[in-house]
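The structure appears right after this line, and notes come after that.
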Amino acid sequence: MAIRAHNLDPKVTAQAAARSIKGSVQKVGLVCNLIKGLNVNEAMLQLQFSKKRTAKEISEVLKSAIANAENNQSLDIDNLFVSQILVGKALTLKRFHARGRGRAASIIKPYSKITIFVSERV
């Protein structure tokens, strides 16, 4: 299943996706909003110095999108920018924590999926 972003020209756009990033959609979305619209070099710097745990995994997806743009679409790396990022909900691990008097409390461990689109500035 190919995901295509709206209003992006497929000739100057490349994408990369990750299906299981540990963290909720809200927390991953905060990091993704930092890099949306930036040049890829600036976006990599933002992710490198971010204190968020998901920044490392998002930077790997961004590197993959840059490599896809260079190898598959033959785009110039110096003119690339992060045009769009899609963040969605993936699987959720459900665990339990034993409580007093024989009760149990639920522990929810969410995962997210992201798709990063990079485009060439014309």
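The values are calculated or read from the model by the stated rules, or taken from the named source; none is laboratory data. Predicted, not measured: the structure shown is a model, and the values here were computed from it. As a convention, Cβ positions derive from the backbone with ideal geometry for all residues, glycine included, and neighbour counts pool all protein chains shown.
Remarks
- Lys36 being surrounded by fewer than 16 Cβ atoms within 10 Å (Cβ to Cβ) and within 11 Å of the chain's Cα centre (by Cα): yes
- Any hit, segment 85-92, residues being within 17 Å of Ser59 (Cα to Cα) and either β-branched (Val, Ile, Thr) or loosely packed, with under 10 Cβ neighbours inside 10 Å (or both): yes
- Look at (1) in a strand (DSSP E or B); (2) among the β-branched types (Val, Ile, Thr); (3) under 17 Å from Val12 (Cβ atoms) and you find that Val122 fails only one, number (1).
- Residues that are among the hydroxyl-bearing types (Ser, Thr, Tyr) and farther than 15 Å from Cys32 by Cβ were ranked within segment 80-110; the one that is nearest to the chain's Cα centre (by Cα) is Thr92.
- Ile114 meets the stated requirement of being out of contact with any His (no Cβ under 9 Å at 6 or more places or on another chain) and of a type in the set (Val, Ile, Thr).
- In the condition set (1) surrounded by fewer than 15 Cβ atoms within 10 Å (Cβ to Cβ); (2) among the aliphatic types (A, V, I, L, M); (3) within 25 Å of Leu91 (Cα to Cα); (4) at pLDDT 95 or above, Leu45 is compliant with all but (3).
- Near pairs, Cβ below 8 angstrom, 6+ apart or cross-chain, from segment 94-122 (farther than 30 Å from Asn72 by Cα and at pLDDT 95 or above) to any residue that is part of a loop (DSSP other than H, G, I, E, B) and among the aromatic types (Phe, Trp, Tyr): none
- Per-region count, segment 47-79, residues among the polar types (S, T, N, Q) and over 17 Å from Lys36 (Cα atoms): 5
Table: residues versus (1) modelled with pLDDT under 95; (2) over 18 Å from Tyr111 (Cβ atoms); (3) out of contact with any helix residue (DSSP H, G or I) (no Cβ under 7 Å at 6 or more places or on another chain); (4) not in a strand (DSSP E or B).
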{"site": "Asn7", "(1), (2), (3), (4)": "yes, yes, yes, yes"}
{"site": "Ala16", "(1), (2), (3), (4)": "no, no, no, no"}
{"site": "Lys51", "(1), (2), (3), (4)": "no, yes, yes, yes"}
{"site": "Lys56", "(1), (2), (3), (4)": "no, no, yes, yes"}
{"site": "Glu60", "(1), (2), (3), (4)": "no, no, yes, yes"}
{"site": "Val82", "(1), (2), (3), (4)": "no, yes, no, no"}
